[in-house]
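Below is one structure, written out as structure tokens; the observations come after it.
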Amino acid sequence: MTTSTSTIAAETTGVSKLFGNFAALRQVTCSFAAGGLHVLLGENGAGKSTLVRVFAGLSGIDAGTVHVLGKSPRESQGRVAYMSHAPMLYEEMTAMENLQYFAALYSNGKDCGCSGSPEMALRSVGLDPHLTRPVSLYSQGMRQRVSLARVLMADPELLLLDEPFSNMDMDGARQMLDLLLDFRTWPSPGGARTIILTTHQAELVLPVADSVLRLHRGKVVSEAAA
Amino acid sequence: MKYVRTVWLHLSKDLRLEWRSRDAIIAMLSFTLLIAVVFALAFDPTGQPTTARAVSGGLLWMGLLFAATTALNGSWDRERRNQVLDAQRMTPAAPSALFLGKAIANFLFVAAVEVILGPVFFLFFNLHVLGDAKWLAAILPLGTWALVVNGTFLAVLSLRTRNRAMMLPMVLFPVAIPALLAMVQATTAVLTGEFEPQLWIRVLFGYDVIFTTISILLFEAVLNAE
């Protein structure tokens, strides 16, 4: 796939990642066009989560090169947001307190580049910002929504989602997907907004995906426009 | 100012979480009070006031070291749980601000325990200060900071190890030996009045400056290590 850097949101060339003797990624070469919704598929242990963490800058690599928004993953920090199947929230705080905390970290003392306030972000995922109970008392689905609000509030150009629908019922998952599709239309200072997500619920996402990458035992087995 | 605001953000979050759970303070307080009682029973300090003055500085700091270690071991648990640490790593905020906020919070927790433990220790060991008591105002904060700055830093280092509970004391205690020697000698000097504590206070101050600087400089590398 040959495209100019500005139209590619994330790409790897010959990336390998080892955990001890286990190769989570083997010579993975792939690229994801800016502005698209890209889906990573594969069985458990195929390397989907590792690849997403590499793009997020949370995992280093043992070989190859990675570019995210034209730079190294670390240099793109602040323009990329990551949501995993774990909620990534403080359980003892309310949803609002969590979001206010992360909004302040993303603003990093500057005027916040966030597209919306924590309150707006919570409303956008269908939660009441005035809920006073801590996150530990939320259902799994509610935690997932707060987690989504956390990443949307960061106003990212690239959104990385690792199993975002894993704890949700079908209706909740569809609502979340609609929200993600809407997110891609939000105006962005960097141009297009891109989503890369991993999921086992392919039937839900494939109808709206722009491309699909299949991994098997750490290797790319197919890469195609949907 | 931006950096200070970020440190305050992390610090206020840790204080809020501890206020809600009181996990660290209750654990430390119970532990140190128990140590004070056991040592008081073992040494019969009322019958031997001179010996009590000579050894109580060491006993006080040993108790605080053990208690602080139990609290420091769990000080990153909230960040580890639900992968909150990954969410923090994704923000553009300075990683060392996270460390400083946590270290200052831990300092305040241990200091709160000292405020309660100090009078109890004096009572149980029937202590009368024979030296210049004003130096305790320097020894206690400097000694406490020496324990928590290394403990907070090394607790991150042991986050990814399997046997975390054992790992921290195994690494912390050898590193803390110079500080422990300085704080015990300085405290004993004040309690017995037999020698001046200034030299040991200077050693403690130097230790704090060196290890705080090293911890701040290395924290980002340790945080991102796999």
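Taking every DSSP helix (H) stretch of at least 4 residues in chain A, weighting each as -39,500 (n - 2.57) and dividing the sum by the residue count yields a mean residue ellipticity at 222 nm of -8000 deg cm²/dmol.
Springs between Cα atoms under 10 Å define the GNM used for chain B, and in it the highest mean-square fluctuation of B:Val209, B:Val190, B:Val110 occurs at B:Val209.
Which net charge results for the neighbourhood of A:Ser147, defined as the other residues with beta-carbon distances under 15 angstrom from its beta-carbon, given Lys and Arg at +1 and Asp and Glu at -1?
With Lys, Arg at +1 and Asp, Glu at -1, the neighbours total -1.
Net charge of the neighbourhood of B:Asn82, taken over other residues with C-beta under 10 Å away and scored Lys/Arg +1, Asp/Glu -1, is +1.
The calculated P(r) of the protein assembly as shown, using every Cα pair and 10 Å bins from 0, goes 4, 19, 26, 21, 14, 9, 6, 2, 0 in percent.
Pair-distance distribution of region B:88-226: all C-alpha pairs, bin width 10 Å, starting at 0; shares per bin in whole percent are 11, 36, 32, 15, 5, 0. Sequence-distant contacts, meaning Cα pairs under 8 Å at least 6 residues apart, place the relative contact order of region B:79-185 at 28 percent. Computed on the Cα atoms alone, the convex hull of region B:103-154 gives a volume of 78 cubic angstrom per residue.
Taken over region B:134-211, the convex hull of the Cα atoms encloses 78 Å³ per residue. Peptide B:74-87 has a mean of 5 when you count, residue by residue, the C-beta atoms of other protein chains within 10 Å of its C-beta. Where q = 0.07, 0.11, 0.15 Å⁻¹, what log10 of I(q)/I(0) comes from the Debye formula for chain A, counting one point per Cα? For chain A at q = 0.07, 0.11, 0.15 Å⁻¹, log10 I(q)/I(0) is -0.21, -0.52, -0.99.
Shape class for region A:108-226: oblate, because the ratio a/c of the largest to smallest gyration tensor axis (alpha-carbon atoms, square roots of eigenvalues) is 1.5 or more and b/c is at least a/b. Which net charge results when you count Lys and Arg as +1 and Asp and Glu as -1 among the other residues whose beta-carbon is under 14 Å from that of B:Gly131? Combined, the nearby Lys, Arg, Asp and Glu give -1.
For the residues B:Leu17, B:Leu117, B:Leu136, a GNM of chain B with alpha-carbon springs under 10 Å puts the largest fluctuation on B:Leu17. Note on region B:57-123: the alpha carbon radius of gyration divided by the globular reference 2.2 N^0.38 Å gives 1.41. In the elastic network of chain A, a GNM with C-alpha springs shorter than 10 Å, the most mobile of A:Ser147, A:Ser49, A:Ser166 is A:Ser166. Inter-chain Cβ neighbour count for A:162-172, averaged per residue, equals 0 (cutoff 10 Å, partner chain atoms only). Using Cβ point charges alone (K and R +1, D and E -1), the dipole size of region A:112-226 about the Cα centre works out to roughly 260 debye.
Cα-Cα over 24 Å: which of B:Lys2/B:Lys102; B:Lys102/B:Lys134; A:Lys17/A:Lys71? The pairs that break the limit, which is 24 Å between Cα atoms, are B:Lys102/B:Lys134. Per residue of A:85-93, other chain Cβ atoms within 10 Å of the residue Cβ number 6 on average.
Values quoted throughout were computed directly from the atomic coordinates according to the rules given, and no laboratory measurement underlies them. This one's a predicted model, so the numbers in the text were calculated from it and none came from an experiment. As a convention, Cβ positions derive from the backbone with ideal geometry for all residues, glycine included, and neighbour counts pool all protein chains shown.
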